[in-house]
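Report on the structure given below.
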Amino acid sequence: IGGVEVVRYSGTDGNKLILTRRGAQDELDVDYLDGARAFILDYGSLLDTDGNEVNERMERSLFCVPISLPVSPVGLFPSGVGTCQYAQVTHTDAGELTEWIRYNIVQPSFRQLVRLDEEIVLGIVDWFHAGSVPPIQSGLLGGSPPPLSSPAPAVVSTIPSAPQSGGVTWRPQLGEEEELALPLSRAIADRLRFRGVADTYPQTHEAGTPVLPVFRVDSFVQMNPGAQDPVFLTGGLVASAGMQTNVVHRGYSTPASTPIRTYQDFLVNGAAAEAASTVEGYPVIERGEWVGLSTGLPTDLVVGSVGGASSNEDPRLLPRMAKFPSGERPSSADQVAIGGNANGANDTLPIPEVVVDEVVFQTLTHGQGLINGYAPESLAGSGLVLGEDLSESDTALRVNFTLLSSRGQLSGDREVLNTLPFNVGLARIGDEILCYVGKDYDTGWVELAPGGRGLLGTRPTPHAAGTVLYPITTIPVCLLAAEIDGDSAELPVDDSTRFPEEGTLLIGAELCHYTGKAGSAFTMPRASLEVGLQDGEGPGVFRGRFGTEPAAALAGTPVIFFPWRYWDRWQPGCDVPELSYLGLRVDQPGALFEDVFYQVDPIPFGGVTMESMLRMHRALPWDGDPDETPGLFLLDRGTEKDEQPWVLDVVSDALEARFFVEYQPGCFDPINGGRHGWKYTPRLRRFGVGYEAPGEVLWSVDR
């Protein structure tokens with residue numbers, strides 16, 4: 001008599017269940033229940049030892065608890081072996097109606113997802129009868145007459161579980177909890193955790209509403225999947241054909257604990273009252289990250305197959321979910337096409353007008369071999385995890401001794417700081433690029449360079465603990481070893497070994513070219529103090545390139561190797577071999593050079609002009625002032641088709657021209673990277689010279 005029995009019902013009639021089978025525990029393959037039981041529903045007018053009528057005692061009542069949800073096809077859903085699984089009743093057009101359920105048994109014959117296990121059965125029974133149950137006093141009757149019919153069993157509604165705290169920083173709850181004064185039903189729902197779990201609430205769903213499996217992933221790497229995120233899923237195939245696309249409907253990270261609401265003991269006919277909640281640990285075996293999709297699982301992905309892979313496996317062999325751009329290497333690419341339509345198809349889509357400077361194929365090695373037990377390949381490209389909040393003005397940051405890799409967040413030791421492979425280097429955190437100059441292997445503190453925040457067109461911004469820091473290994477950087485001024489031609493640095501023999505540097509807001517290295521210093525030629533002497537006593541020739549201003553800088557300032565398309569190696573008032581220009585010459589002895597013209601193809605940005613310096617006599621120095629030196633001419637613009645040419649009217653044996661590009665201030669934007677003039681150079685289309693020369697005898701014959 002009494003106890004717990006599983007029944008199967010086919011419907012309801014008012015407040016009655018239409019039972020089709022009693023003692024149906026064998027249909028669920030459970031061995032801790034023993035079939036049909038007998039239940040006393042009417043104790044007449046018997047009293048307990050406290051003087052209360054037994055019929056009114058909650059402990060002597062019969063309760064019905066729904067434990068299943070019908071689904072079809074049921075074969076999509078895995079059984080919970082030793083743990084529970086989740087399923088999602090999906091509303092893509094009204095996400096607030098989406099509900100997650102928790103089950104541990106799949107009943108295939110009747111297509112049911114069932115929530116029932118021995119622990120919950122015994123727990124609820126003990127909970128119903130918590131405390132001392134007063135015995136019935138034999139022969140003592142109460143003052144009320146016996147009821148005309150047996151009281152109906154109390155039905156426990158599936159009221160939503162309490163909102164769960166912990167887990168991720170921000171987790172939206174779907175739907176709203178129904179305000180019902182049913183403390184017992186709420187308490188049972190919190191214990192059972194069947195309907196409306198994982199921060200959802202029980203909803204009313206029409207027949208035909210999709211019910212989809214919810215699958216578990218090892219970890220939410222970098223960010224939590226959000227509603228409508230397009231993702232790729234694969235069951236662990238290397239070939240890209242194994243990838244399938246889908247859309248995330250909801251992601252959920254389980255908390256470490258969950259509140260369990262309780263109730264005040266009450267008489268069946270008495271007033272119900274809620275009691276304080278308690279907090280219980282979330283089942284460890286169920287903790288983790290769960291994802292529900294909008295349209296179900298790919299055909300080659302088995303739910304629950306993500307975990308348990310060997311640490312020595314290539315991550316691309318694992319069942320996984322990724323959102324572009326994930327940073328994952330191509331799985332089987334053996335060729336690449338540059339240019340063409342955006343989707344690679346031969347259709348009518350326009351080809352974008354872009355300039356591809358270079359294509360870099362790089363193998364990311366940082367992170368490899370820094371945590372024992374993991375194959376180096378599986379940790380390649382890992383990042384460091386910020387251990388404390390970083391404000392926009394902080395000059396140091398602290399990282400945890402962990403790596404965030406394609407395998408998830410892995411614990412290591414002090415060696416993980418070698419993810420930053422250089423003593424001085426660049427790193428990316430969020431949308432900001434910064435320069436680090438030192439690492440403390442005992443504490444995890446990373447020192448940042450003076451002026452080392454918000455580099456390369458980014459801005460200093462705050463970053464929360466948990467943000468990932470990735471090294472930028474392809475761009476060399478060093479520090480000034482001494483102070484420089486705007487005329488310096490030697491730029492001493494702490495280490496120039498990672499830099500090529502010539503190139504472009506970004507120092508603060510200034511771009512400059514260097515043409516050589518001397519020890520640990522970048523060098524460039526100096527201009528002449530005296531015109532024509534080439535004494536090398538003047539300022540550095542290639543400071544302030546692309547319209548930037550030569551500026552002083554303090555020791556410790558980052559010096560960054562900067563990519564460029566075209567040299568800006570022309571300097572007015574200078575004549576050194578390292579200059580870059582187009583030289584043309586017209587030889588005509590004794591000619592009157594009347595005029596010249598040149599035409600230039602336009603470029604899409606202003607502030608970039610092609611100019612020309614003319615020299616009419618070999619003896620004239622190229623570094624002279626055209627305004628003060630007869631025979632030197634500076635042409636500061638080309639001539640259009642209908643414009644008059646530049647007038648010379650000079651008698652000479654030859655005309656020499658040097659064409660060069662002048663970049664005006666504003667061609668380069670070091671703060672926001674919003675100016676593009678520095679990326680372009682004009683093209684000389686036509687150059688002409690008008691002259692009159694004395695008569696010449698080209699051929700004669702004596703007679």
In order over the range 409-416: 3J(HN,Hα) from phi, Karplus 6.51/-1.76/1.60, θ = phi - 60°, whole Hz, x for each Gly or Pro, gives 8, 10, 7, x, 10, 4, 5, 5
Residue by residue through the range 595-611, the couplings from Karplus 6.51 cos²θ - 1.76 cosθ + 1.60 with θ = phi - 60°, in Hz, x for Gly and Pro, are 7, 9, 8, 8, 10, 10, 5, x, 10, x, 10, x, x, 10, 10, 9, 10
Fewest to most Cβ atoms within 10 Å: Thr83, Thr262 sort as Thr83, Thr262
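Once the other residues with Cβ under 13 Å from the Cβ of Leu684 are scored (Lys, Arg +1; Asp, Glu -1), what is the net sum?
So the environment of Leu684 carries a net charge of +3.
How big, in percent, is the set of alpha carbon pairs in the range 376-450 lying more than 20 Å apart? It would help to have the intermediate numbers written out before the result.
Details: 702 of 2775 pairs.
Everything past 20 Å amounts to 25 percent.
In which sequence would Lys323, Lys641, Lys517 go, from the one with the fewest C-beta neighbours within 10 Å to the one with the most? All intermediate terms of the calculation are to be shown ahead of the outcome.
Working: Lys323 15, Lys641 7, Lys517 18.
Taking fewest neighbouring Cβ atoms as first place, the list is Lys641, Lys323, Lys517.
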Checked the range 582-692 against the a/c 1.5 cut and the a/b vs b/c comparison, axes a ≥ b ≥ c from its Cα gyration tensor; verdict prolate
Listed by chain and number, the residues whose amide H is under 5 Å from that of Tyr9, excluding neighbours fewer than 5 places away on the same chain and using placed H, are Thr20
Expected vector for the range 370-379, Karplus 3J(HN,Hα) from phi with 6.51, -1.76, 1.60 and θ = phi - 60°, integer Hz, x for Gly and Pro, equals 8, 10, 5, x, 10, 4, x, 4, 6, 10
Residues other than Gly532 with Cβ under 9 Å of its Cβ, Lys/Arg counted +1 and Asp/Glu -1, net out at -3
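Order 226-232, 474-480 from most to least packed using the mean count of other Cβ atoms within 10 Å. Please list the in-between numbers first.
Details: 226-232: 15.0, 474-480: 20.0.
Peptide ranking by packing, descending: 474-480, 226-232.
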Output ordering of 84-94, 1-11, 563-573 (per-residue mean of other Cβ within 10 Å, highest first) is 84-94, 563-573, 1-11
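Sort 99-105, 494-500 by packing, meaning the average of other beta carbons within 10 Å per residue, with the highest value first. Don't skip to the end; give the middle numbers.
Values: 99-105: 22.6, 494-500: 14.6.
Taking the mean over residues of other Cβ atoms within 10 Å, the ranking is 99-105, 494-500.
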Sorted by chain and then number, the residues having a modelled amide H within less than 5 Å of the amide H of Ala654, at least 5 places away or on another chain, are Gln588
So the compactness index of the range 545-627, its C-alpha Rg divided by 2.2 N^0.38 Å, takes the value 1.50
Assertion target for His513, His617, ordered by fewest C-beta neighbours within 10 angstrom first, is His617, His513
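Every number here is computed from the coordinates shown, using simple stated rules; none is lab data. Since the structure is predicted, the reported quantities are computational estimates derived from the model, not experimental observations. Virtual Cβ from ideal backbone geometry, glycine too; neighbours counted across all protein chains shown.
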